[in-house]
Amino acid sequence: MPYDVTRDLTAGPLLLPGVAGSVGAVYSKHRTDKPGWGAAVELPAVLEILAAITVGQITAAQAQTAFAPFLARLEEFDREMDRRQAHFDYS
């Protein structure tokens, strides 16, 4: 059961309030071993962060750190789904 989430993202001096995203909804067949697999973040926010890197307003490391609120929510989601699956696992 995917969740829609809204989180403020901070990348160095850049603050993006109310960025929309989803956890538990986007599972591509590629990059399954990468952090964030199962999460989606609104494209305008991602483009704004990339533009801030391009002009030197923030670093790439700051941009990566900005997504921590979505990664944390995804981890919570994964733990909850694991718990639910274990509850119904009759093997």
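The values are calculated or read from the model by the stated rules, or taken from the named source; none is laboratory data. These numbers were taken from a predicted model, which means no experiment stands behind them. Positions of Cβ are generated from backbone atoms using ideal geometry, with glycine treated the same way; all protein chains shown enter the neighbour counts. The area values use the complete protein model at the heavy-atom level, side chains included, leaving out ligands, DNA and RNA. Shrake-Rupley method; radii C 1.70, N 1.55, O 1.52, S 1.80 Å.
Of the solvent-accessible surface of the chain, computed with a 1.4 Å probe over protein heavy atoms with every protein chain present, carbon and sulfur atoms account for 58 percent.
Give the average over all directions of the projected area of the C-alpha convex hull of the chain, one decimal, in nm². Don't skip to the end; give the middle numbers.
Numbers: hull surface 26.4 nm².
For the chain, averaging the hull's shadow over all directions gives 6.6 nm².
Between LEU50 and ALA86, the contour length at 0.36 nm per residue exceeds the alpha carbon distance by 9.0 nm.
Put simply, when 62-75, 8-21 are sorted by average Cβ atoms within 10 angstrom per residue, most first, you get 62-75, 8-21. On a 0 to 90 degree scale, rounded to 10, what angle separates helix 43-54 from the longest Cα axis of the chain? On a 0 to 90 degree scale, this one is about 40.
With respect to the chain, whose longest principal axis is taken over its alpha-carbon atoms, helix 68-88 is tilted by about 0°. Annotation: per residue accessible area for the chain equals 68 Å², rounded to a whole number [probe 1.4 Å, protein chains only].
When the helices in the chain are scored as -39500 (n - 2.57) per DSSP H run of 4 or longer and the sum is shared across all residues, what 222 nm value do you end up with, to the nearest 500 deg cm²/dmol?
Mean residue ellipticity at 222 nm (helix-derived): -14000 deg cm²/dmol.
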